[in-house]
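Student: Following this message is one structure expressed as structure tokens.
Just so it is clear, none of the values below were taken in a lab; they were calculated from the coordinates. Since the model is a prediction, treat every value here as computed from it, not as a measurement. Here the Cβ positions follow ideal geometry from the backbone for every residue, glycine too, while neighbour counts run over all protein chains shown.
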Amino acid sequence: MRRKYAVTQRSLTIVRRRLVEMPKPLEKLSEIEIEKKGHVSRVMTHVLKYLTSKFVDSEFEWLLPVIFSMSTDPLWPDPGASVEKRIEVEIYGKTVRTTLSMIIHKMVACSLAHPKLFILSPNVRIERRERSNSGKHAYEFTQLDFEVRNASSEEIRSFVEELVCGLISSLKKHMRTELVHLGRYDSLEVPDMPFRAYDKVELESKFGKDWETRLMHEISEPVWVTNVPREFYDFEDFEDGQWDNYDLFLPKYGEVLSGAKREWEYSKIVRKMERDDVKKKNYEVLLKLAKDRRLKPSAGAGVGIERLVSWIVGAKHIGETQPFPKIPGLVFDL
Ligand code: AMP
Ligand code: MG
């Protein structure tokens, strides 16, 4: 019985491994694969041009990213997060970490100097190696991260909805050849607004632990998932236990954006850090600003650019959208 079980497990692993074909490095691609890479890259270029122009036209300031800082996203507690290693190095006698996300920088910049900001930011997350098979995880990727002082969740969500709908119609107009080649022209449709919203707690009780997979196969248009318990910086109402946050889920794909209204009150932030076992000494500037009431209410979100483009082009693996794939557990020369 035991032996049979072991065999079944092994064959399952092999089947699963075969399901997602790993992207190859650029120098190993065939001519046909290079042609496909070109279509994906032109779609990526259009997406970046469209999104950045929309942010600039809506009077957002475009900030440059950072790579090393003493403070970065704790990525904890987040039910979806799973890094197997955190990169910390010593420079000039201080311990710095590579950017896991620019959330802390966004909150500080938005409060002090840049009320509407966006950043194209490299994130380094050494995801657990088995995540190579999800097809949705890279160990280096780019977030389009944005934040707006005094904004509500509803305002951010309708901005995102307009962005997504505008992007899809622009792609269908300007990227027809590429989308036809990639087999996505007909199936990529401009969604209706407003997007539907589901409460995460309700989804979990309806679908169980596997609610994400069930949801993405049931929907035919993008939807919001709200009220997700996670990191200290997302706003939580201590009275009713509701979280004022949101994720955008795409049909047959899954999560592509996470965002929230943010915490700004010192006592709440401290209480949440202590509850979640987050090291306060890694967030000294944020805490000092909150204590001095210089941290301001804001709301925003971060979109995974490679995931968004993967969905648009129908990629089997996120690495197909990267010129130099960064696949968990698989390190290429470049
Ligand atoms: P998070 O705040 O952790 O949800 O990250 C924001 C967005 O970044 C997610 O909604 C994804 O689109 C994207 N993202 C997160 N982790 C990865 C990863 N390992 N590889 C690619 N994209 C990711
Ligand atoms: Mg998320």
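Student: With only Lys, Arg, Asp and Glu charged, each at its Cβ (+1 for the first two, -1 for the last two), find how big the charge dipole of the range 201-334 is about the Cα centre; round to the nearest 20 debye.
Tutor: Working: 22 positive and 25 negative charges, 123 e Å.
Dipole magnitude for the range 201-334 comes out near 580 debye.
Student: Non-local amide H neighbours of Y139 (under 5 Å, H modeled in plane, Pro and chain starts lacking H): which ones?
Tutor: Excluding prolines and chain starts, which carry no amide H, the hits are K326, I327.
Student: Assign one of three labels to the chain, namely rounded, prolate or oblate, based on the Cα gyration tensor with a ≥ b ≥ c the square roots of its eigenvalues; rounded applies when a/c is under 1.5, prolate when it is not and a/b is larger than b/c, and oblate otherwise.
Tutor: Rounded.
Student: Let me ask another. Name the aspartates and glutamates eligible as straight-distance cross-link partners of K173: C-alpha to C-alpha under 16 Å, and not fewer than 8 places from it in the same chain.
Tutor: D186, E189
Student: Assuming a ≥ b ≥ c are the square roots of the Cα gyration tensor eigenvalues, decide whether the range 129-202 counts as rounded (a/c under 1.5), prolate (otherwise, with a/b larger than b/c) or oblate.
Tutor: oblate
Student: What size of dipole, in debye to the nearest 20, comes out for the range 39-109 about its Cα centre when the only charges are +1 on Lys and Arg C-beta atoms and -1 on Asp and Glu C-beta atoms? Write down the numbers at each step before the final one.
Tutor: Numbers: 8 positive and 8 negative charges, 40 e Å.
Roughly 200 debye, rounded to the nearest 20.
Student: Considering the dipole of the chain built from charges on the beta carbon (Lys and Arg +1, Asp and Glu -1) around the Cα centre, which of V40, S298, V148 is farthest to its positive end?
Tutor: Going by the Cα projections, it comes out as V40.
Student: Related question: Within the chain, which is the longest segment that contains none of the chymotrypsin sites (Phe, Trp or Tyr not before Pro) sitting in a DSSP loop with at most 11 other Cβ atoms within 10 Å? Could the numbers behind the result be given before it?
Tutor: Details: sites that count: Y92, F238.
Longest site-free region, per DSSP loop and neighbour criteria: 93-237.
Student: For the range 25-321, give the magnitude of the charge dipole about the Cα centre (Cβ charges: +1 Lys/Arg, -1 Asp/Glu; no others), in debye to the nearest 20.
Tutor: Approximately 740 debye in magnitude.
Student: Let me confirm the definition first: pairs of Lys residues in the range 223-320, 8 or more apart or on different chains, C-alpha distance under 12 Å. How many are there?
Tutor: Number of lysine pairs found: 5.
Student: Separate question: Over what distance in Å are the Cα centres of the range 212-247 and the range 90-113 separated?
Tutor: After rounding, the separation between the Cα centres reads 25 Å.
Student: Report the relative contact order of the chain, percent, no decimals, based on alpha-carbon pairs under 8 angstrom and at least 6 residues apart.
Tutor: Contact order relative to length: 23 percent.
Student: Now, a different point. In whole Hz, with x marking every Gly and Pro, tabulate ³J(HN,Hα) for the range 115-131 from phi via Karplus 6.51 cos²θ - 1.76 cosθ + 1.60, θ = phi - 60°.
Tutor: The phi angles translate into x, 10, 9, 9, 9, 9, 10, x, 10, 10, 10, 7, 5, 4, 4, 5, 6 Hz.
Student: So, one more: Per DSSP H run of n ≥ 4, the term is -39500 (n - 2.57); total these for the chain, divide by its residue number, and report the mean residue ellipticity at 222 nm rounded to 500 deg cm²/dmol.
Tutor: -12000 deg cm²/dmol
Student: Then there is this: In whole percent, what relative contact order does the range 187-291 give with Cα contacts below 8 Å and a gap of six or more residues?
Tutor: Over the range 187-291, the number comes to 21 percent.
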